[in-house]
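This report refers to the structure that appears directly beneath it.
The values are calculated or read from the model by the stated rules, or taken from the named source; none is laboratory data. If you're wondering where the values come from, they're calculated on a predicted model, not measured in any experiment. So basically every Cβ, Gly included, is an ideal-geometry build from the backbone, and we count neighbours across all protein chains shown. Note: accessible area is taken over every heavy atom of the protein model, side chains too, but ligands, DNA and RNA are not part of it. Shrake-Rupley method; radii C 1.70, N 1.55, O 1.52, S 1.80 Å.
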Amino acid sequence: VEIYSLQVDCKVTSRFAHTVITSRIVNRANESREATFEVELPKTAFITNFSMSIDGEVYPGIIKEKAAAQNEYDSAVSQGQSAGLVKITDRKLEQFHVSVSIAAASKVTFELTYEELLKRQLGKYELLIKVRPKQLVKHFQIDVHIFEPQGIHFLETDSTFMTNELTEALTKEQNETKAHILFKPTLEQQKKNSELDETLLNGDFVVRYDVKREATAGDIQIVNGYFVHYFAPQEMPVFPKNVIFVIDRSGSMTGRKIEQTRDALLKILQDLRQEDHFSFITFNHKVVEWKSSLLPATEENVASAAALVQTLTARGGTHISGALLAAVGVLDRAEGLPEHSVSMIILLTDGQPTSGEKNVEVIQENVQKAINGNYALFCLGFGFDVSYKFLEKMALSNGGIARRIYENADAALQLQGFYQEVATPILMQIEMQYPENSIEGLTKNNFKLFFEGSEIIVSGKLSNELDLLPVEIKAQSHTSNLTLKEEANVKEKEQVFQNQRYIFGNFIERLWAYLTIQQLLEKAISAQEEDQKALAAQALDLSLRYSFVTPLTSMVVTKPQQQEELANKPTEAG
């Protein structure tokens, strides 16, 4: 079975990426064989379309409500269940896998489409394409078009498998607002060496870029009555932080995990700013406060904390509740902290609560009551023995986020990377205001904190015939209360995309739907049960209307001989 053509075609329009992967396979044997299509795509993406065509006959994937699809599928395959088609493969990717039997000399074409809104992190967007054909491919190409009306500030490509020969197969063209990247290696260039038919193409192909920004109230783009507003202020004074690290040192952290935690904490200590205050709480079945109050991040205090970190060892149970409540207590009692500062708790744990309060719902409730909206809680779950659902709900209920740390060689880098994302708060209490009577379906427009290097995105539908869209941003910076105003001329903004030939016309509407679904699902995590149902119903409706495979929908993949398989979206919380 030979893959004779594999094409990745990606169009990014104003951070919204639309990727189509097409694989053409021929069975050169003289009997029928299995042809397999395996694609790894970013977890943040939603599959929107899939089809197989075998000798001219097309078998589409149909997106339905999960429960309905499951019932239909169960009745079709009451005997011999087959596994789902999508599974999480690593911290950034999930894998779509389908195989079909094709007759001798037959051809099959697989086509998968997925979409995602690229998220700005540490000052750049990242488009990740996983390349793993497992064989030499006669016609192989990755074709990326980027159009950013704000202008492209910088652009780079990076790959884990590049050689000097392969670099010759890569071309980049770029002007003010557009970039085109083409990677088209010949059969010879793909080979590990000239004797063997083994491919070099195995790993990540990454495009990173950022856009130009004027120092105003962000950038507004409008297409077909939908708008998106990007806001990422730069060069603003940084809020001092008051941060408490709450570190699990129970028995399960022993060995590699505690070593990687020590490595990461030593680096993070070096990254604290002079004006920051910090402290440590470590816990197993006992909760130990390093100091009873927060200390300024002087050289001396950082060195003394580093000495403590060096001695961290792991044994005993897991008293998550006691540790978090102790951290809140330290912040509540704190005196002499900078007047305008941001207080946060960063919890790192690798397990379930086994000491003290063990009921996760009670812990969530007690922690939320204690924090009372005053501090942000970030929860890092190390490995797969944690209840990620519990950590995620606790973080989202307290103005933070949760992240899973994968037990790989780079776990210390993952921890540091997370800290860098939250290390530089530059705005608080951000309100993005739009004329109420002329906007429908507005996505989230109030944000507690804004960290340098990230981006706020708000989208909505313009209801009546607006000529001008006025926006007003209110926020607190370290030195003052800001009010930023901007007015977008709707007709002019619409013009920007008129003559762009490779833009799918309703991309801002799809971006709006994507963002709304993501936010509804996130909101449901920390909502009350009756609200959860309403949020899920709304997200399901949009998933079906815009044909996205989300955690609420399934794609039924039809095959020859009336066979069916299901593709579901896995989530980090399982």
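Taking segment 342-368, which residues are of a type in the set (V, I, T) and either without any contact (Cβ under 8 Å) to a residue 24 or more places away in the chain or open to solvent by 20 Å² or more (accessible area, probe 1.4 Å) (or both)?
Once the filter is applied, which keeps residues that are of a type in the set (V, I, T) and either without any contact (Cβ under 8 Å) to a residue 24 or more places away in the chain or open to solvent by 20 Å² or more (accessible area, probe 1.4 Å) (or both), segment 342-368 yields T354, V360, V362.
Can you find even one residue in segment 193-216 that is of a type in the set (F, W, Y) and open to solvent by less than 10 Å² (accessible area, probe 1.4 Å)?
Yes.
Show the residue pairs that are 6+ apart or on different chains and have beta-carbon atoms under 6 Å apart, the first residue being within segment 164-183 and loosely packed, with under 14 Cβ neighbours inside 10 Å, the second being in a strand (DSSP E or B).
T171/L182; E173/H180
Which residue pairs have Cβ atoms under 8 Å apart, sit 6 or more places apart or on different chains, and have a first residue in segment 370-383 that is over 16 Å from V360 (Cα atoms) and part of a strand (DSSP E or B) and a second that is among the hydroxyl-bearing types (S, T, Y) and open to solvent by 10 Å² or more (accessible area, probe 1.4 Å)?
If the second residue must be among the hydroxyl-bearing types (S, T, Y) and open to solvent by 10 Å² or more (accessible area, probe 1.4 Å), the pairs left are A376/S343.
Which condition from (1) exposed (fewer than 15 other Cβ atoms within 10 Å of the Cβ); (2) not assigned by the TED database to the domain that holds G322 is the one that Y434 breaks?
(1)
Among the numbered conditions (1) more than 30 Å from W512 (Cα to Cα); (2) out of contact with any Ser or Thr (no Cβ under 6 Å at 6 or more places or on another chain); (3) at pLDDT below 95, tell me where K291 comes up short.
Of the numbered conditions (1) more than 30 Å from W512 (Cα to Cα); (2) out of contact with any Ser or Thr (no Cβ under 6 Å at 6 or more places or on another chain); (3) at pLDDT below 95, the odd one out for K291 is (2).
Go through (1) open to solvent by 20 Å² or more (accessible area, probe 1.4 Å); (2) without any contact (Cβ under 8 Å) to a residue 24 or more places away in the chain; (3) in a helix (DSSP H, G or I) one by one and return the number of the condition A539 breaks.
(1)
Here are T261, T313: which of them is open to solvent by 20 Å² or more (accessible area, probe 1.4 Å), outside any strand (DSSP E or B) and touching a residue at least 12 places away in the same chain (Cβ under 8 Å)?
Sole residue among the options that is open to solvent by 20 Å² or more (accessible area, probe 1.4 Å), outside any strand (DSSP E or B) and touching a residue at least 12 places away in the same chain (Cβ under 8 Å): T313.
Would you check which residues across segment 167-223 are within 25 Å of the chain's Cα centre (by Cα), of a type in the set (D, E) and farther than 21 Å from E486 by Cβ and list them?
D204
Filter segment 177-214 down to the residues that are of a type in the set (D, E) and assigned to a strand (DSSP E or B), then identify the one that is nearest to D9 (Cα to Cα).
The selected residue is D204.
For segment 550-562, enumerate the residues that are among the polar types (S, T, N, Q), open to solvent by 40 Å² or more (accessible area, probe 1.4 Å) and either in contact (Cβ under 8 Å) with a residue 24 or more places away in the chain or in a strand (DSSP E or B) (or both).
Q562 - this is the single residue of segment 550-562 that is among the polar types (S, T, N, Q), open to solvent by 40 Å² or more (accessible area, probe 1.4 Å) and either in contact (Cβ under 8 Å) with a residue 24 or more places away in the chain or in a strand (DSSP E or B) (or both).
Can you name the number of the only condition in (1) over 30 Å from V228 (Cβ atoms); (2) open to solvent by less than 10 Å² (accessible area, probe 1.4 Å); (3) touching a Phe, Trp or Tyr at 6+ places or on another chain (Cβ under 8 Å) that I371 fails?
(3)
Only one of K444, K461 is at pLDDT 95 or above, in a loop (DSSP other than H, G, I, E, B) and surrounded by fewer than 18 Cβ atoms within 10 Å (Cβ to Cβ). Can you tell me which?
Result of the check over K444, K461: K444.
Look at segment 2-55 and say how many of its residues are touching a residue at least 60 places away in the same chain (Cβ under 8 Å), in a loop (DSSP other than H, G, I, E, B) and open to solvent by 10 Å² or more (accessible area, probe 1.4 Å).
7
Do we find a residue being touching a residue at least 60 places away in the same chain (Cβ under 8 Å) and over 23 Å from V458 (Cβ atoms) anywhere in segment 508-521?
So far as segment 508-521 goes, no, none of its residues is touching a residue at least 60 places away in the same chain (Cβ under 8 Å) and over 23 Å from V458 (Cβ atoms).
Every residue, every condition in (1) outside the structural domain of L324 (by the TED database); (2) touching a helix residue (DSSP H, G or I) at 6+ places or on another chain (Cβ under 7 Å); (3) not hydrophobic (A, V, I, L, M, F, W, C), yes or no:
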site: A395; (1), (2), (3): no, no, no
site: N446; (1), (2), (3): yes, no, yes
site: I456; (1), (2), (3): yes, no, no
site: N464; (1), (2), (3): yes, yes, yes
site: L469; (1), (2), (3): yes, yes, no
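Going through segment 122-156 one residue at a time, which ones are open to solvent by 30 Å² or more (accessible area, probe 1.4 Å) and either outside the structural domain of V20 (by the TED database) or on the phi > 0 side of the Ramachandran plot (or both)?
Within segment 122-156, L122, K134 meet the criteria.
Taking segment 323-369, which residues are of a type in the set (V, I, T) and either part of a helix (DSSP H, G or I) or modelled with pLDDT under 95 (or both)?
V328, V330, T354, V360, V362, I363, V367
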